[in-house]
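Each value in this text was obtained by applying a stated rule to the coordinates, not by laboratory testing. If you're wondering where the values come from, they're calculated on a predicted model, not measured in any experiment. Cβ coordinates were reconstructed from backbone atoms using ideal geometry, including for glycine residues, and neighbour counts include every protein chain displayed.
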Amino acid sequence: MQKYISYDLGTGGVKASLFDEDMRTLAKSFIEYKTYYPEKNVHEQKPEDWWKGIVLSTGKLLRDSRTNPKEIVSLAVSGHSIVTVPIGYDKAVLSEYVPIWSDTRAYKEAEEFFDKIDKKDWYRTTGGGFPAPTYSLFKLMWMKKNKAETFNKIKKVLGSKDYINYRLTGEMYTDYSYASGTGAYNLTERKMENRFLEAAGIPGDIFPEIVSSHFVVGKISSQAAKCIGLTEDTIVACGGVDNACMALGAVGNGEGAVYTSLGSSSWIAVNSGKPVLEEEERPYVFAHIQEGMFTSAFSIFAGGSSFRWVRDNLCIDLLEKEEPYSAMTKEAENVPAGSYGIYFNPSLAGGTSQDKSIHIRGAYLGLHLGTTRAHMVHAAMEGIAMNLKRSYDSLKRHTVMKPQLQFCGGGSKNQYWMQMFADVFNTDILKTNIDQDAASIGAAAIAARACGAWTDYGKIQELHHVEFVCSPRTENVKEYQKIIPTFQHICDLLSELGDYMND
């Protein structure tokens, strides 16, 4: 029997899954790693931590499933986006810490770039709807200016999953989905845009060759095989960026299929044959795993991670419980819609394209002497939902989407929260058996295609089974329709305050 391993390399850790040839899950593992915040706007991780997570999780999969490594035919990695790992001419990693997708230290470099290049032209070409400083191109400009000694030693810059592939095979490639997050990639022409590279002062050959996601990068090297516990016959597919792998695993490759990922970062995305581009609200766009398709989305940088912040700082006594999030929800269940006038803005990791400023920060507003922890937990859940409601409405204005909204990610397991989303969004919320496994399923499908077991991705939908549907409740819908404008006004004021405090 053929078996596949998929790795979902995320912001909070790496989730590994072992599948049989029918895409049944045989074992799972999650290894957490840290994100470091040494300075304002600086969000970093250690590539070595990713690799350790891959090694540890692989061993756990094999032990828990009692699988012979010879049965593992292929593997693929889904990687968190817009990461820049510098590899030197000596083949070594040049930085212990690297900026991850939410790092915005390069805001001055972005301003310099847009003195030369029209920002709308750049957006229309790249689909760069994240705040510009997050994109690889500007991070490299920052490195060239501030760490010239390191920059001058670079042979290639790799994304997160491309670095893991490099450690596994010694080969350096990227795929179209990951390349589309560099800030220098032309979506429709499917290549790097030379005039953007020239304006940034970044050589084009610093990026690896771009191939399809199911392209076979190579087989596991003897050194990596000894380290990770797999055989040298295991095929390594190029894999894809997390946004695209999740889109594939969550809703397949159907036109107009839409889903929400409620994980550490949270987003709403739609599949389409053309990129969804709108210059004012600026949805961000990645190339889909499916050739000739795109996944266009709006996001908040701290969705589940802002709720985790509430858990770790306001609910410390609940951390010892087996299910602390369930305990938090139980406390909040009796709080009515509107949380007695308490509002929570989840912009703990800064602003997105929907905010007036990237300098917006998270906040509680409306606190009074009668405020309890239950009110604050409930307000946090509502704030995340209302923030994503802005994303949903924006996407609906610019494209045709299927009526049911499917949720995945860790937060989708919370049925009380899903009902709140149905009320806030005023639409049916669908939850299937594929919740936190969407990106893993997407990567596993790539692995299956790389070894020839699959010829396309048409089988994805067969793997989904509906667990529950939440429909909007009229009374709560009316309440949220009244308070959402206030929430939007608060977001705008917090953006202005963020700019004031940043200055």
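Could you tell me the center-to-center distance, by alpha carbons, between the range 299-327 and the range 140-162 in angstrom? After rounding, the separation between the Cα centres reads 35 Å.
Across all C-alpha atoms in the range 3-238, the radius of gyration and Dmax reach 18.1, 58 Å.
Candidate cross-link partners of K145 among the aspartates and glutamates, defined by an alpha-carbon separation under 20 Å and a same-chain spacing of 8 or more, comprise E39, E44, E96, D103, E109, E111, E112, D115, E198, D205.
Only DSSP H runs of four or more residues enter the estimate; each adds -39500 (n - 2.57), and after division by the residues of the chain the mean residue ellipticity at 222 nm equals -11500 deg cm²/dmol.
Cβ crowding within 10 Å ranks E149, E323 as E149, E323, fewest other Cβ atoms first. Mean separation of Cα pairs under 8 Å and 6 or more residues apart, divided by the residue count, gives the range 195-279 a relative contact order of 18 percent. Each residue of the range 275-285 was assigned a 3J(HN,Hα) from its phi angle through the Karplus curve 6.51 cos²θ - 1.76 cosθ + 1.60 (θ = phi - 60°); the sequence is x, 8, 10, 8, 6, 8, 8, 6, x, 8, 10 Hz, with glycine and proline shown as x. Taking a ≥ b ≥ c as the square roots of the eigenvalues of the alpha carbon gyration tensor, the range 109-192 is oblate, as a/c is not under 1.5 and a/b does not beat b/c.
Sites listed here are GluC sites (Glu not before Pro) in the range 204-291 whose DSSP assignment is loop and whose Cβ has at most 14 other Cβ atoms within 10 Å: E232, E255, E279, E280, E291. Of the beta bridges in the chain, as assigned by DSSP with both residues counted there, near 70 percent are antiparallel. Other residues with beta-carbon under 15 Å from the beta-carbon of A439 carry, at +1 per Lys or Arg and -1 per Asp or Glu, a net charge of -2.
Mean separation of Cα pairs under 8 Å and 6 or more residues apart, divided by the residue count, gives the range 3-238 a relative contact order of 21 percent.
Explain nothing, just the number: relative contact order of the chain, from Cα pairs under 8 Å at least 6 residues apart, as a whole percent.
15 percent.
Residue ranges 79-86, 214-221 sort as 79-86, 214-221 when ordered by packing (mean number of other C-beta atoms within 10 Å per residue, highest first). Over 27 Å apart at the Cα level, from the set K34/K60; K52/K356; K191/K356; K274/K396; K60/K155, are K52/K356; K191/K356; K60/K155.
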